[in-house]
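Have a look at the structure below before the remarks.
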Amino acid sequence: MTNVVVIGSQWGDEGKGKIVDWLSERADIVVRFQGGHNAGHTLVIDGTSYKLSLLPSGVVRPGKMAVIGNGVVVDPHALCAEIDRLAAQGVTVTPENLRIADNATLILSLHRELDGIREDAAGKSNGGVKIGTTRRGIGPAYEDKVGRRAIRVMDLADLETLSAKVDRLLTHHNALRRGLGEAEVSHETIMQELTSVSDRVLPFRDTVWLMLDKERRRGARILFEGAQGSLLDIDHGTYPFVTSSNTVAGQAAAGSGMGPGALGYVLGITKAYTTRVGEGPFPTELTDEIGQFLGERGREFGTVTGRKRRCGWFDAALVRQSVATNGITGIALTKLDVLDGLDELKICVGYTLDGEEIDHLPASQGQQARVVAKYITLEGWKESTVGARKWADLPAQAIKYVRQVEELIGAPVALLSTSPERDDTILVTDPFED
Ligand code: IMP
């Protein structure tokens, strides 16, 4: 028995929801360790859909503990709204089933505004770079965390020091806002914003690293629920077109307060083709009718922002990179059925850059924009793979595609998901038992 880290191996939206749901049923504790309410997924349990953005998946299952670790940025108003939405669906969230790290950073309205101001200026006020963020204030909140001026969960409990911290934060933000031609924010506005939610948030606060350490020693099964994807990682992703946190598996340790030895199996959720929301390089992007087909068949619209996702062929070179940067033990391959009916399929195996062959995406923004994908072509299949539950249910060409993916990325398929339905899964390895 081991703990499991679930991460996305591409640009997010790999279909983590279904897999995390299946695993969370088998876990005692589900921990979010990075990101915030920029994530979004829908869990369908006994016919009821639950939309989660900030709360860990375990929260909708009775008897599970959900944990928001120190690596997460928490918008307290979004948190309360999400708890209220769940309450309206009959799910009770109390300190019995949700703990929030007392050292987690808060997202404030000024972070959300700054995120929007930068995006609206179409890059003018952001050094000419438009990221296409979710406008949730994620980046600005992480900036304040690293700038050592953030307001954190436990600060809500001490109004005297909170007031001084808000002053310090506003010295920075108001200078920035003046420079951007925006109205200043008053001390009272922020104090009011914080004190209006403190009574609701504080009961959930906990010394999460300590609680997790005790639980681990007791033998609890812990599921670390990653958000976004490895190619959106602040260090390893397609910088600057990334999110503002480390999304790779190693962050599960730092973002929850556990040592790396506690992590165990790393499951990389991997879509059978590639999608990306927002700006940035995408070497296998298809702007033709095949890209259109993948978007429609795969219902590729963002759950948080409703934006249309860009679609393209499977990029084995990029996923191979994610296998290395995450230490992926095995992958869960999702949405294979979206490829049903295509005459031929391409897989990117590497790139050419200025006429030279390379086997990985370089770190430089300019080079990332110039690489040209190198493909192998496989025969497609006409039969439907929807709902397959064993290998024998799959057409030979689909099996060939999966084997080719495994070989090229250097990691085995542990699970193959063949529809949004929970049971439509081919299970090769149970990550908790591996
Ligand atoms: P931010 O995380 O809102 O700062 O957005 C930065 C980039 O990450 C943008 O390209 C977003 O579209 C992308 N992003 C953030 N969260 C997700 C997600 O959950 N799925 C896919 N893309 C995401």
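The values are calculated or read from the model by the stated rules, or taken from the named source; none is laboratory data. On a predicted model such as this, the values are computed, not experimentally measured, just so you know. Note: ideal-geometry Cβ built from the backbone for every residue, glycine included; neighbour counts use all protein chains shown.
Just a few scattered comments:
- Remark: pairs (first residue in region 115-126, assigned to a helix (DSSP H, G or I); second residue more than 12 Å from the ligand (Cβ to nearest atom) and at pLDDT 90 or above; Cβ separation under 7 Å; 6+ apart in sequence or on different chains) = I117/L180; I117/E182; S125/I117; S125/L180.
- Exclusive hit being within 16 Å of the ligand (Cβ to nearest atom), buried (at least 22 other Cβ atoms within 10 Å of the Cβ) and small (G, A, S), set G40, G71, G58: G71
- Candidates L210, L202, L194, filtered to the one that is under 16 Å from T105 (Cβ atoms), more than 16 Å from the ligand (Cβ to nearest atom) and free of Cβ contacts under 8 Å to residues at least 60 places away in the same chain: L202
- Summed over region 176-196, residues that are out of contact with any Asp or Glu (no Cβ under 9 Å at 6 or more places or on another chain) and under 21 Å from K165 (Cβ atoms) total 10.
- Any hit, region 20-35, residues being more than 26 Å from D158 (Cβ to Cβ), within 16 Å of the ligand (Cβ to nearest atom), hydrophobic (A, V, I, L, M, F, W, C) and not assigned by TED's automatic domain parsing to the domain that holds L415: yes
- Sole residue being surrounded by 18 or more Cβ atoms within 10 Å (Cβ to Cβ) and within 16 Å of the ligand (Cβ to nearest atom), chosen from I234, I222: I234
- One residue stands out among those in region 395-434 that are in contact with a strand residue (DSSP E or B) (Cβ under 8 Å, 6 or more places away or on another chain) and more than 24 Å from Y265 (Cα to Cα): the one that is surrounded by the fewest Cβ atoms within 10 Å (Cβ to Cβ), which is K400.
Every residue, every condition in (1) closer than 25 Å to G8 by Cα; (2) in contact with a strand residue (DSSP E or B) (Cβ under 7 Å, 6 or more places away or on another chain), yes or no:
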position: V323; (1), (2): yes, yes
position: D337; (1), (2): yes, no
position: D343; (1), (2): no, no
position: E356; (1), (2): no, no
position: H360; (1), (2): yes, no
position: V371; (1), (2): yes, yes
position: K374; (1), (2): yes, yes
position: K390; (1), (2): yes, yes
